[in-house]
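Report on the following structure.
The values are calculated or read from the model by the stated rules, or taken from the named source; none is laboratory data. Note that the coordinates shown come from a computational prediction; the quantities given were computed from them, not determined experimentally. As a convention, Cβ positions derive from the backbone with ideal geometry for all residues, glycine included, and neighbour counts pool all protein chains shown.
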Amino acid sequence: MGPKKHLGQHFLTSPAYARKIAEAVPAEPGDHVLEIGPGRGALTVFLKERFPCLHCVEVDRDAIGRLRGKLGEGRFTIHEADVLTFDFGRAGFPLHVVGNLPYSIAALIIKKTLLYGSAIRSFTFMVQREVALRIVSPPHRKSNGFLTIFCQFFSAPKLLFHVPPGAFFPKPKVDSSVIRMALNGEAEQRLPPEAWSGFFSFVSKAFGMRRKKLAKVVSTGAGERERCERILDRIGCDPFSRAEDLGVTEWVELYKQWCA
């Protein structure tokens, strides 16, 4: 089965890396586990060994037929669907999610996964190395952006290992990395779910003008700008900080006090 360019398919072909990813999933054999985009099933065969009731979601009908033949008999379930519209609840909650994500929609899949909140116990994703470095970025770095704060709002992401282009067919032009997030309801402790949309809009607006001082971006006048500077100072930040200078804790405190 050849890769389909419009689906952004780069099939993992290295059994060593596939096994390593499967072993990194922090789940028990009886837990609910969902694999996104199994493709040729290089990772799936190792996941099936650990999780007999594995669920997979795959949009490529040609891949599904071959995948069933490769996996043989068992209690696994394959869902033919686009992951961006697929209801993760069909795989059962609480859920662990794993997959080699298409580069073009990786950020969208990550955001969708995390917005399920406490229904998700973990994700273990292979993404473009640049994306992984953005997700784990500390403050005061150019790599610190909206995706950084979005992910770290839910939990502390961990970069596990890098995967070279030679582990795929066809070879991508970039390196890949495997990241893992173990989730324990931290996001609900930071802010109630009904406040998430407003918070993320607040952060997104600031990173949309990341070269400007934060106080100027979030305010509409001199009085508000001075108020924002006072809040930044109160939470231990430089009053003239830019968006990339804040970590997730500072962002949450800024938002709470700004809204108050």
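Within the stretch 132-180, the residues that satisfy the criterion of being closer than 20 Å to Ala18 by Cα, surrounded by 19 or more Cβ atoms within 10 Å (Cβ to Cβ), modelled with pLDDT of 95 or more and among the hydrophobic types (A, V, I, L, M, F, W, C) are Ala132, Val163, Val178, Ile179.
Note on the stretch 102-126: residues that are over 19 Å from Trp196 (Cα atoms), over 9 Å from the mean Cα position of the chain (by Cα) and not small (Gly, Ala, Ser) amount to 4.
Per-residue answers, yes or no, for (1) under 19 Å from Phe169 (Cβ atoms); (2) in contact with a Leu (Cβ under 9 Å, 6 or more places away or on another chain):
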position	(1), (2)
His32	no, yes
Ala42	yes, yes
Glu49	no, no
Arg68	no, no
Ile109	no, yes
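Filter the stretch 27-69 down to the residues that are in contact (Cβ under 8 Å) with a residue 60 or more places away in the chain, farther than 18 Å from Phe88 by Cα and not basic (Lys, Arg) and list them by number.
As a first pass, look at the stretch 27-69 and keep what is in contact (Cβ under 8 Å) with a residue 60 or more places away in the chain: 27, 31-39, 62-63, 66.
Still in the running and farther than 18 Å from Phe88 by Cα: 39, 62-63, 66.
Correct list: Gly39, Asp62, Ala63.
The selection criterion, being under 22 Å from Val163 (Cβ atoms) and among the small types (Gly, Ala, Ser), does not hold for Ala81. Only a single criterion out of (1) in contact (Cβ under 8 Å) with a residue 60 or more places away in the chain; (2) out of contact with any Leu (no Cβ under 7 Å at 6 or more places or on another chain) is not satisfied by Lys173, namely (1). Of all residues in the stretch 70-107, exactly one satisfies the criterion of being surrounded by fewer than 16 Cβ atoms within 10 Å (Cβ to Cβ), of a type in the set (Gly, Ala, Ser), in contact with a strand residue (DSSP E or B) (Cβ under 6 Å, 6 or more places away or on another chain) and more than 30 Å from Lys173 (Cβ to Cβ), namely Gly92. If you check Lys173 against the conditions, is it more than 22 Å from Val248 (Cβ to Cβ) and among the charged types (D, E, K, R)? In short, yes.
Conditions (1) of a type in the set (Val, Ile, Thr); (2) without any contact (Cβ under 8 Å) to a residue 24 or more places away in the chain; (3) surrounded by fewer than 20 Cβ atoms within 10 Å (Cβ to Cβ), marked per residue:
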| position | (1), (2), (3) |
| --- | --- |
| Lys212 | no, no, yes |
| Val218 | yes, no, no |
| Gly223 | no, yes, yes |
| Arg230 | no, yes, yes |
| Asp233 | no, yes, yes |
| Phe240 | no, no, yes |
| Asp245 | no, no, yes |
| Trp251 | no, no, no |
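For the stretch 41-63, what are the residues that are part of a helix (DSSP H, G or I), crowded, with 18+ Cβ neighbours inside 10 Å and either among the charged types (D, E, K, R) or at pLDDT below 95 (or both)? So that I can check it myself, show each step before the final result.
To start, the set of residues in the stretch 41-63 that are part of a helix (DSSP H, G or I) comprises 44-50, 61-63.
Imposing the further condition that a residue be crowded, with 18+ Cβ neighbours inside 10 Å reduces the set to 44-48, 63.
Result: Lys48, Ala63.
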